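No value in this document is a laboratory result; all are computed from the given coordinates. Since we're looking at a predicted model, the values are computed, not measured. When we count neighbours, we look across all protein chains shown, and the Cβ atoms used for this are built from the backbone with ideal geometry, even at glycine.
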Amino acid sequence: MTTTLRTPVAIVGAGPAGLLLAHLLDEHGIDSIVVDLRTRGEIESTIRAGILEQGTVELLDRLGEHSRARTVGHRHDGIELRFEGEGHRIDFPALTGRSAWLYPQHEVLKDLIAARVAAGQDLRFGVTVTGIDESSPERPRVLATDADGEELAIEADFVVGADGSRSVVRPSVVGSSQGGYFREYPFAWFGILCEAPPSSDELIYSNSPDGFALISQRSETVQRMYFQCDPELDPASLSEAEVWENMQKRVPGTTLIEGPIFQRDVLRFRSFVAHGMRKNQIAIIGDAAHTVPPTGAKGMNLAVADVALLHVALRALLQENDARLIDAFEERAMQRIWKAQHFSWWMTTMLHVTDDASDFDRRRQLGELRSVVESTAGQTYLAEAYTGWPLA
Ligand code: PHB
């Protein structure tokens, strides 16, 4: 027995993109059903990115009291770029009039889920999507098995895949699960969460002869830090003392405040852009359509930017039968995606050190960093990209 549900918009994935899209559609009277493979507890506890662009915070303001980005999160008016033992501050408001916010993704997800639950929206966890039935292109159907093992079909005017980098919706849009532009990087980040007070008021992005480190934060008592490592490194293979030695070595001139490490992970880097974002009545957004290396903090923000475009396009399509914005959606989204791809690639290659770097490469890289910090134009480019280009 298959239960068939009908909805204007079926959204696969209860991450930042899927949940925010559901919220913005609901604000304009468009119902949706959101399904996710994971449990609510898993979604709310998975540690991911930490930085929100100003425009992302402004969109989250539309959750009203449910958004805690401005109350629990922290406004950051700059970052430090560190190289050759010296720190150089990039002052965001002075350069752009804008700021960034440190507010972890799982907290954003708690806010979005709370808002969706309070609105009584159809949000289902533990649902495994098995495929998309496109036999009637005007009414695609999401085929799934729910948390109790029952077969489910969700028939919709429009299906949105916001289901992450291993998207099951992507093949319906680009023809295969791989269809896209790729770039791999020969390094990864060793990330830790530790119990300690902050080592710095702002984030430190450090380039050192031993590689990159990022000193980030979570709260007054918990810190997030990363150092460049081999992608094959087993996170359990280092003692706490070795982790701290690696971290400290990559931020020369700074003394980190150490504390017990209670989580560690190795994050691999990949740049990916799908060959397309929409086919007929199906679209993919967020990590389903693109992934960036984390150095520029663009991942979640780019997902939100897709939503800013898509929700307006879906309103025009579903409420006014006007397809112009949905027809223009992919091209407009891709312009920002490739700018963010460039920024993320640039921050990554400027700050990391590869094993095969020659003396020329190393000195050129320091010249590049100096070109940024000693130029108002260079600093402004970084600050504009980091705090986020204006949203649609
Ligand atoms: C984080 O705090 O997890 C974080 C911050 C900035 C980045 C990447 C990750 O660029």
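The table for this structure:
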read-out	value
Euclidean distance of C-alpha centroids, the range 200-224 and the range 89-163, integer Å	30 Å
Ranking of Ile285, Ile257, Ile51, Ile33 by count of other Cβ atoms within 10 Å, fewest first	Ile257, Ile33, Ile51, Ile285
Gyration tensor verdict on the range 1-114 (Cα atoms; rounded if a/c is under 1.5, prolate if a/b is larger than b/c, oblate otherwise)	prolate
Spin-label pair Arg75/Asp322, simplified geometry with 7 Å Cα→Cβ offset, distance in nm	3.5 nm
For the range 170-296, size of Cβ-based charge dipole, Lys and Arg +1, Asp and Glu -1, in debye	880 debye
Under 14 Å, Cβ to Cβ, from Val57 - net charge with Lys/Arg +1 and Asp/Glu -1	-1
Förster radius 51 Å - calculated FRET efficiency between Ala114 and Asp210 (Cβ-Cβ, nearest 0.05)	0.75
Computed over the range 66-191: relative contact order in percent, which uses C-alpha pairs under 8 Å that are six or more apart	14 percent
Cross-link partners of Lys279 among lysines (Cα-Cα below 29 Å; sequence separation of 8 or more within a chain)	Lys298, Lys339
FRET efficiency, Glu242 to Ser136 (Cβ-Cβ, R0 51 Å, nearest 0.05)	0.30
Residues of the range 102-125 with amide N under 16 Å of the 7 Å Cα→Cβ point at Arg62	112-113, 115-116, 119
Relative contact order %, the chain, counting alpha carbon pairs below 8 Å whose residues are six or more apart	20 percent
R0 of 41 Å, Cβ-Cβ distance Gln263-Arg6: FRET efficiency to nearest 0.05	0.45
Stretch gain in nm, segment Arg270-Ser45, where the contour uses 0.36 nm per residue and the Cα spacing is subtracted	78.7 nm
Helix-derived mean residue ellipticity, 222 nm - over the chain, DSSP H n ≥ 4, -39500 (n - 2.57), to 500	-11000 deg cm²/dmol
For the chain, size of Cβ-based charge dipole, Lys and Arg +1, Asp and Glu -1, in debye	580 debye
DSSP bridge orientation in the chain - percent antiparallel, rounded to nearest 5	70 percent
Net charge of neighbours whose Cβ lies under 14 Å from the Cβ of Glu155, counting Lys and Arg as +1 and Asp and Glu as -1	-4
Within-9-Å neighbourhood charge of Tyr205 [Cβ basis; K, R +1; D, E -1]	0
